[in-house]
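Q: Have a look at this one before I ask anything.
The values are calculated or read from the model by the stated rules, or taken from the named source; none is laboratory data. For clarity, every value in this text was computed on a predicted model and none was experimentally measured. Cβ placement follows ideal geometry from the backbone for every residue including glycine, while neighbour counts extend to all protein chains displayed. SASA here: full protein model, heavy atoms, side chains in, ligands and nucleic acids out. Shrake-Rupley method; radii C 1.70, N 1.55, O 1.52, S 1.80 Å.
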Amino acid sequence: MLSNPIATTSSADSFLSDTAIANFQQILKAQGYLYLEQLPDDFDHLVFASKFGVLLPHKYNGEYVFTIKVNPNLGDRYPAFTTSEVEPHTEGYEYEHHPLHYQCLWCVSPATCGGGQTLLADGYAFVNSLSDEEREYITVYKFEFLTPSGSIVRHPLYDVEPGKQPIVRFNFSQLRRESDRTLNNIAIRFLQFFDDEKIAINWSKNDFLIWDNFRMLHSRTTYQDRDRELKRVYLNA
């Protein structure tokens with residue numbers, strides 16, 4: 001399924017008006033993501049991203065903006081820095097407490113080979129497709145996730161706290177499910193749901209994407225062009 005981008009032809013300043021930001025925030029809340037294409041060269045992606053939350057420093061370098069490009073020093077532990085496929089997951093599933101709320105990407109240089117698409121699917125829609133018993137199971141019980149450093153964290157797949165937005169956590173490869181038939185069945189169906197319902201972001205230069213990481217799963221297709229470059233920003237509400 002193709003994404004539903006908003007084509008933009010206005011000046012860069014017009015995106016920052018209170019009315020425009022309120023409209024973009026409403027779209028993000030309604031569908032779980034916002035994708036803008038055909039942005040002008042003078043568009044300030046970081047300033048625009050900051051309108052959706054509080055900027056968070058990256059754990060790799062302590063800076064707000066991090067480059068997503070082939071990097072042999074990081075690729076051994078993090079598939080995002082390779083040309084390989086990245087499996088469906090939520091960002092920060094390995095955090096001890098709450099993961100980041102929003103993730104932004106913008107394109108500096110798209111892959112000329114046609115690969116490197118970002119894929120998204122709605123985790124809330126999958127949770128709503130479960131039976132009442134299955135939904136309760138992934139809400140009440142905590143499950144083990146293996147972190148990139150080799151430690152273990154325990155979280156529900158669907159984390160619900162009174163008065164707060166529910167949080168979906170998922171990473172198929174790092175979820176210890178082998179001895180839990182119910183969990184394994186749900187996880188396999190979650191992957192299939194992602195494959196059936198995913199939307200594809202076909203990057204062009206200056207395109208901007210933000211999604212609700214409490215709600216959406218994301219992945220990436222393979223590519224060959226090692227000059228592909230995106231910028232990434234983390235936000236909390």
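Q: With the full set of protein chains in place, find how many percent of the accessible area of the chain is carbon and sulfur; take the probe as 1.4 Å.
A: Carbon and sulfur: 48 percent of the exposed surface of the chain.
Q: Just the number, please: Stokes-Einstein D of region 86-158 in µm²/s, Kirkwood Rh from C-alpha pairs, 25 °C, 0.890 mPa s. Present the calculation step by step, with values, prior to reporting the outcome.
A: Numbers: Rh = 15.0 Å.
Value of D from the Cα-based Kirkwood radius: 164 µm²/s.
Q: What accessible surface, in Å², does a 1.4 Å probe find on Arg135, ignoring ligands, DNA and RNA and rounding to the nearest 10?
A: 60
Q: Here's something else I'd like to know. Using the crude model of +1 on Lys and Arg Cβ and -1 on Asp and Glu Cβ, and no other charge, please compute the dipole size for region 50-136 relative to its Cα centre, in debye to 20.
A: 620
Q: Only bridges with both residues in the chain count here: give the DSSP antiparallel percent, nearest 5. Write out the running numbers ahead of the final one.
A: On the way: 40 of 43 bridges.
For the chain, the DSSP antiparallel bridge percentage is about 95.
Q: Over all distinct alpha-carbon pairs, what is the Kirkwood Rh of the chain in angstrom? Intermediate values should be presented prior to the final figure.
A: Numbers: mean 1/r = 0.0540 Å⁻¹.
Taking every pair of different Cα atoms in the chain, averaging 1/r and inverting gives 18.5 Å.
Q: State, to one decimal in nm, how far the label point of Ser14 lies from the label point of Lys69, with both points 7 Å from Cα in the Cβ direction.
A: 3.2
Q: Just add up the charged neighbours of Tyr60: K/R +1, D/E -1, any other residue whose Cβ is under 12 Å from the Cβ of Tyr60.
A: Working: positive: Lys59, Arg77, Arg232; negative: Glu63.
Local net charge: +2.
Q: With each pseudo-label sitting 7 Å past Cα toward Cβ, what's the Leu56-Ser129 distance in nm, one decimal?
A: 2.7
Q: Between Val70, Val86, Val140, which gets the highest mean-square fluctuation from a Gaussian network model of the chain, Cα cutoff 10 Å?
A: For the chain, modelled as a Gaussian network with Cα springs under 10 Å, the answer is Val140.
Q: With a 1.4 Å probe and every protein chain left in place, work out the accessible area per residue of region 33-186 in Å², rounded to a whole number.
A: Working: 7600 Å² over 154 residues.
Computed with neighbouring chains in place, this is 49 Å² per residue.
Q: Could you tally up the Lys pairs in the chain with alpha carbons closer than 28 Å? Skip any pair fewer than 8 positions apart unless they're on separate chains.
A: Taking the chain as the scope, the lysine pair count is 26.
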